[in-house]
1. With a cut-off of 20 Å, note down the residues of region 245-285 whose backbone N falls inside the zone around a label point 7 Å from the Cα of residue 215 toward its beta carbon.
2. Treat the count of other C-beta atoms within 10 Å as a stand-in for reagent exposure and order 260, 238 from fewest to most.
3. Between residue 139 and residue 27, how many nm apart are label points set 7 Å from Cα along the C-beta direction?
4. If you average the C-alpha positions of region 152-166 and of region 1-76 separately, how far apart do those two centres end up, in angstrom?
5. List the chymotrypsin sites (Phe, Trp or Tyr not before Pro) in region 1-62 that DSSP assigns to loop (not H, G, I, E or B) and whose Cβ has at most 15 other Cβ atoms within 10 Å. Which are they?
6. Among (1) 26.2; (2) 20.1; (3) 21.5, only one was calculated for this model; which label is it, if the read-out is Kirkwood radius over Cα pairs in Å?
7. Among the trypsin sites (Lys or Arg not before Pro) within region 190-289, which fall in a DSSP loop and have no more than 11 other Cβ atoms within 10 Å of their own Cβ?
8. Which of the aspartates and glutamates could be linked to residue 39 by a straight reach, that is with a Cα gap under 20 Å, when you skip same-chain ones fewer than 8 residues away?
Amino acid sequence: MAFSGINIGLYREGTNLMPIVARLPEEERVDISTIEGMKIWSPAIQGYIPLQQVVLDVNVRWEDPLVVRKNRKRVLTVMADPDPIGEETAATVQKRIMPAIAAIELPEGYSLEWGGEYESSADAQASLFQTMPMGYLAMFLITIFLFNKVKEALIVWATVPLAIIGVTLGLLLLNTPFGFMALLGFLSLSGMLVKNGIVLLDQIEIEIASGKEKYQAVVDAAVSRVRPVCMAAITTVLGMIPLLPDVFFKPMAVTIMFGLSFATVLTLIVVPVLYRLFHKLKVPSKQTA
């Protein structure tokens, strides 16, 4: 009756029944020190007497009603959500506050771990990395079977790391974190770059089969493939633009747009150079009339 209250009746309003609760005023209810002056019913005198006349002392001690554990260790969870109508996501908020949280000096025996979306993303990436090597291995073997040569497959896959330059620059310029969606975008990007390398090498083989000298075939193939390769990259980049305002798909769009743009230009330069180095093609000497 003093704190949470007891039901002493019902109030009917139409078809609704609302309980009538008797309890102390709010200013007394929230003060635990008033417990000593609380009156209790005494059957002996048939009246109310203060609690301090019955007990010698009241010792108030706060305890946690529930001890939460994770991995058999006590854990205290601090939760927060980004502004639902704002432009920040959980990843961007975490990136902004992580330095301040990391600077907190914890007592001995205490540790701090990030949960929520960060933990879920880490678990998803861990499961993805378990199967990703087999996928890349299968793609590499398919490239070998396609050209029936190991050198050509190495040349094609050497262009994939070039995308890291554009991806890094794009994420830094637009202040976008490299999360799970960005990782998916990079995986998709690697397939696009492999396709560009295959197209360029296939054109080189066609030029050589037509009877051209190998060095000239490499030059002509690189020049003839500039337009189709660039047009394919431009259409993909333009298709990613509508995803930029979306905070969820923005990391993936930025990764594909900047990575593909830089890697496409570098592919048109690096693939012919690697082909010449791998096959040890010599520059033909200039003939004077």
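Values quoted throughout were computed directly from the atomic coordinates according to the rules given, and no laboratory measurement underlies them. Note that the structure is a prediction, hence the values are computed from the model and not measured. Positions of Cβ are backbone-derived with ideal geometry, glycine not excepted, and every protein chain shown enters the neighbour counts.
1. Residues 269-285 fall inside that zone.
2. 238, 260
3. 7.1
4. Computed from Cα coordinates, the inter-centre distance equals 70 Å.
5. 3, 62
6. Computed from the coordinates, Kirkwood radius over Cα pairs in Å corresponds to (1).
7. Passing sites in region 190-289 are 280, 282, 286.
8. Within reach: 26, 27, 28, 31, 57.
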